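Scroll down for the structure; my scribbles are underneath it.
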Amino acid sequence: MRLSTSGIIFVLAGAALIIAAYRFALPGLLPAGLLLLGLVVLSALLIVWGTRRVSVTMSTPLPEVALAASRDRYPLAAEGKEVEVEARVTNIGQLAIPAATIDFVAAEGFGDSTSGEVPPLAHRASQTVLTSFTPNRRGVSGIEAVLITVFGPFGLVKMKRKVRGAFPVAVSVPILGARIPKDSSIRPARLDDGKVRSGHTTRDFHTREYVPGDDLRHVHWPSTAKSGELMVRHEADEETLHALIVIDLAADAADAQPSEQEIEFLLAAAVSAGTAFLRSDYEVFVVAPGHETRLKGARDIDRLRLLSAIVRPGRVELPKHDNPNHIVICAVGDERGQELASAFSRRVPVTLRTLSEIGDLTMIGLSEDLPESWTTFESKRRSTGSQSPTKSSTTPAGSAGVGSPMPDGPQGVGR
């Protein structure tokens, strides 16, 4: 609470009159001095009471999203896109509240703090105040606090009071486009196609690698003999296209830890890839440091974006092998990316995204496009050999120079 200029004058004048009344034996000045001081005290009491009876509710047109395994729901915004916020100020007290100023204190990364004006409010009256922010960093930020500044009666006292706490908003990486090919080359690797005959009917099937838990009655011996590995039948009518996205945010041993901008770049690539697969009717399994989530359909794109807002840097733990149709690995360094790729079957296409492929990281928050090499998923298989990863390369994980599958079961994935 602070005295205004008028309040300071009233206090000084009142004190002077009281002192003069006693010093010069002028009792008539005493009531005037007390009245001036009393007006200041009354104004202060009224403003304290009035600001205690102010209610502020916040809302935004942003969708509220939660991950499947979490109860925490957040309004979801995108980095670089304007966010509108509506504050409804209500006087829940018995006394009228004079005109006030409302301040919205933005959390770091959510944009600049803003303010607005609230007219005088009678008992139970409300006023809506609109404001907007432009987030410039991914993460959970939003509004840190809402403050209201009220001048008491006669304009003698001013009080700034916190009337609402944090209003968190999750900010995802920029929404950038990517596309996947429409051909069948990114479908599961098939060593043998055929029919499963049952009476006079047939059903399409293909073969895939044995996974612990598969029924041994489904072993396809001709494919097993041809490949030298245990293969089982997989019926086409049971097939669901499935993409696996691995997000690893740990640097190679000899490199410095990635900056926040580099992390955002990798997350933007992962989100664009996941969005492309979801819009193409794939089920997407996303594995990131501290998170594993399955997504299905375009309706889950917002959940993928939320994951990009809340994930923290670190090393990823690979899931058990579940025969994806395509794998996208977003890693900081080439060495770590190849290490992750080597854990998967050589028959599954793997697309690597690493920071070494990009020379300019200034696009985050500024550009509306990913690098062209990161907007498609090549289906051509390449042998890595002794070469370094090429831009947007789709490599048969586990091929020469990459490593062999981990030994925890037939073509399983080690941790």
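The values are calculated or read from the model by the stated rules, or taken from the named source; none is laboratory data. This one's a predicted model, so the numbers in the text were calculated from it and none came from an experiment. Cβ placement follows ideal geometry from the backbone for every residue including glycine, while neighbour counts extend to all protein chains displayed. When the accessible area is computed, the model is the full protein with side chains, heavy atoms only, and any ligands, DNA or RNA have been set aside. Shrake-Rupley method; radii C 1.70, N 1.55, O 1.52, S 1.80 Å.
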Practice problem: Would you mind listing how long region 1-124 runs along its three principal axes, going by Cα atoms, in whole Å with the largest first? | Solution: 79, 30, 27
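How would His220, His326 rank on accessible area, largest to smallest, probe 1.4 Å? Don't skip to the answer; put the middle values down first.
Values: His220 20, His326 0 Å².
So, going from the largest accessible area down, we get His220, His326.
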Quiz item: So, with a 1.4 angstrom probe, what is the percent of accessible area on region 19-167 that is carbon and sulfur?
Solution: 56
Practice problem: Calculate, for Ser126 and Ile8, the FRET efficiency according to 1/(1 + (r/R0)^6) with r their C-beta to C-beta distance and R0 35 Å; round to the nearest 0.05. | Solution: 0.55
Exercise. With a point put 7 Å past each Cα toward its Cβ, work out how far Glu144 is from Arg315 in nm, to one decimal.
Key: 3.5
Quiz item: So, in nm, how far is label Arg279 from label Gln257 when the simple model puts each one 7 Å beyond its Cα toward the Cβ?
Solution: 3.5
Quiz prompt | Listed residues Leu36, Leu267, Leu95 arranged by accessible area, highest first, probe 1.4 Å | solution = Leu95, Leu36, Leu267
Quiz item: Amide H to amide H, which residues 5 or more places from Ala78 or on other chains are under 5 Å from it, using H placed in the peptide plane?
Solution: Ser172
Exercise. Would you mind getting the accessible area per residue of region 263-319, heavy atoms of the protein chains only, 1.4 Å probe, in Å²?
Key: 35
Quiz item: Taking the Cα atoms of region 46-90 alone, what are Rg (to one decimal) and Dmax (as a whole number) in Å?
Solution: 15.7, 48
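Any chance you could run the full-extension gain for Ile175 through Thr240? It's 0.36 nm times the residue separation minus the Cα-Cα distance, nm to one decimal.
Numbers: separation 65, 0.36 × 65 = 23.40 nm, distance 2.61 nm.
Taking Ile175 through Thr240 to full extension adds about 20.8 nm, to one decimal.
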Quiz item: Ordered by residue, what ³J(HN,Hα) values in Hz, to whole numbers, does region 328-338 give under the Karplus form 6.51 cos²θ - 1.76 cosθ + 1.60, where θ = phi - 60° and Gly and Pro are x?
Solution: 10, 10, 10, 10, 5, x, 4, 4, 5, x, 5
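Students often get this wrong, so check it: of Lys226/Lys320; Lys81/Lys158; Lys81/Lys296, which have C-alpha atoms separated by over 28 Å? Walk me through the intermediate numbers first.
Working: Lys226/Lys320 26 Å; Lys81/Lys158 36 Å; Lys81/Lys296 25 Å.
In this structure, Lys81/Lys158 exceed 28 Å between Cα atoms.
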Quiz prompt | Average accessible surface area per residue within region 1-137, 1.4 Å rolling probe, Å² | solution = 58
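What part of the accessible area of region 228-350, given as a whole %, is carbon or sulfur when the probe is 1.4 angstrom? It would help to have the intermediate numbers written out before the result.
On the way: 1950 of 4390 Å².
Whole-percent figure for carbon plus sulfur exposure: 44.
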Self-check item: Where labels lie 7 Å past Cα in the beta-carbon direction, separation of Thr134 and Ala66 in nm
Solution: 3.4
Quiz item: Amide H to amide H under 5 Å from Ser4: which residues, 5+ apart in sequence or cross-chain, H placed 1.01 Å off N in plane?
Solution: Val157, Lys158
Quiz prompt | Additional length obtainable on full extension of the chain from Glu117 to Val105, 0.36 nm per residue less Cα span | solution = 2.8 nm
Quiz item: Do you know the relative contact order of region 1-51, to the nearest whole percent, from alpha carbon pairs under 8 angstrom that are 6+ apart?
Solution: 35
